[in-house]
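Please find one structure pasted underneath; my questions will follow.
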Amino acid sequence: MRRFIKQLLIICLILSLLLGVSTPALATTPANVPIVVYGDTLSTDQQEEVRRLLEVDESKEVKEFYVTGEDIATYIDGDPNSNMYSSAKIVREEEGKGLTINIVTAENITEVTTDMYKNALLTAGVEDATVDVASPIPVTGGSALSGIYKAYDEEGEMLDKDRMELASEELDVATDLAEREGMDSDKVTELLTDIKKEIAEQNPATKEDVEQIVKEQLDKLDISLSEDDREMLTRLFEKMQDLDIDFNQVKNQLEDIAATLKEKMDDIDVDPDFMEKVQNFFKKLFAKVSDIVARLLD
């Protein structure tokens, strides 16, 4: 009984810490002008609905653009005949603020989760921004990435094309694993994130080193994949390593909460496995709560 009460108190402390750490990331910088990119397949009525969903205030300054199939071909070598429905609002934040993703219409973004967007955008080089994604009809959500890339391009901050293409590939890998292997989307994101963190720490020099990291993380999370999917993961992270992406930028954002928890818990005798489970629980909880709150505020 005493152990249960102790663990309950720890959970309450973790909850308060998470609330304290997460709240500042939701704020936007007033001086930054929102950039809204609409899918060009939207009808006039659908565009008005998206404008309402993304809370575009016509009385204030806002920049608006349209993303087309041709843009997909330009930024990620995608299909120029693609239909574009998912749209995004981007507010660039001050350096160090971090990346916040809000899926406003979670019911209509059927494959890509908040954390999948975040992982992919960090790979593409988007680090300090608040991004809201919405669609008036059910879509996978993948095309929203091209809209975000276009927003940066229109503002004279063209992202690296190789990194944009790799981010799109990462999103495809994440959704493929969730679909083919029947994995929970949060589990897929956890796997990709953990591999990135290990690459940041180990800086693998060869394909065999990357393969070893992939294997270790699969074993750690007790995930069984086909040989084809293992190879797909290895190729993805080999490409990331070849592009010399600074994974420490990703690692630092992901470890902020963990570092705070470690500092607060150093003097408490807590089972490490229990702590990891609690951390994972609240990460998932707050991702879901954020989506619910976004819908309630719509």
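The values are calculated or read from the model by the stated rules, or taken from the named source; none is laboratory data. Because the structure is a prediction, the values reported are computed rather than measured. Please note: Cβ atoms are built from the backbone with ideal geometry, for glycine as well, and neighbour counts cover all protein chains shown.
Scan the stretch 95-107 and give yes if some residue there is of a type outside the set (Ser, Thr, Tyr), closer than 25 Å to Gly182 by Cβ and either modelled with pLDDT under 90 or part of a loop (DSSP other than H, G, I, E, B) (or both), otherwise no. Before you say what the answer is, go through the steps one by one.
Filtering the stretch 95-107 down to residues of a type outside the set (Ser, Thr, Tyr) leaves 95-99, 101-104, 106-107.
Now drop any that are not closer than 25 Å to Gly182 by Cβ, which leaves 101, 103, 106-107.
Going one step further and asking which of them are either modelled with pLDDT under 90 or part of a loop (DSSP other than H, G, I, E, B) (or both), we end up with 106-107.
There is at least one residue in the stretch 95-107 that is of a type outside the set (Ser, Thr, Tyr), closer than 25 Å to Gly182 by Cβ and either modelled with pLDDT under 90 or part of a loop (DSSP other than H, G, I, E, B) (or both).
Separate question: Test of understanding: among Asp219, Asp229, Asp256, which residue is modelled with pLDDT of 55 or more, touching a helix residue (DSSP H, G or I) at 6+ places or on another chain (Cβ under 9 Å) and either assigned to a helix (DSSP H, G or I) or buried (at least 18 other Cβ atoms within 10 Å of the Cβ) (or both)?
Values: Asp219 fails: touching a helix residue (DSSP H, G or I) at 6+ places or on another chain (Cβ under 9 Å); Asp256 fails: modelled with pLDDT of 55 or more.
Every option except Asp229 fails the conditions.
Here is a yes/no grid of residues against (1) surrounded by fewer than 18 Cβ atoms within 10 Å (Cβ to Cβ); (2) within 21 Å of the chain's Cα centre (by Cα); (3) modelled with pLDDT of 50 or more; (4) not basic (Lys, Arg):
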position: Pro24; (1), (2), (3), (4): yes, yes, no, yes
position: Tyr38; (1), (2), (3), (4): no, yes, yes, yes
position: Leu53; (1), (2), (3), (4): no, yes, yes, yes
position: Glu58; (1), (2), (3), (4): yes, no, yes, yes
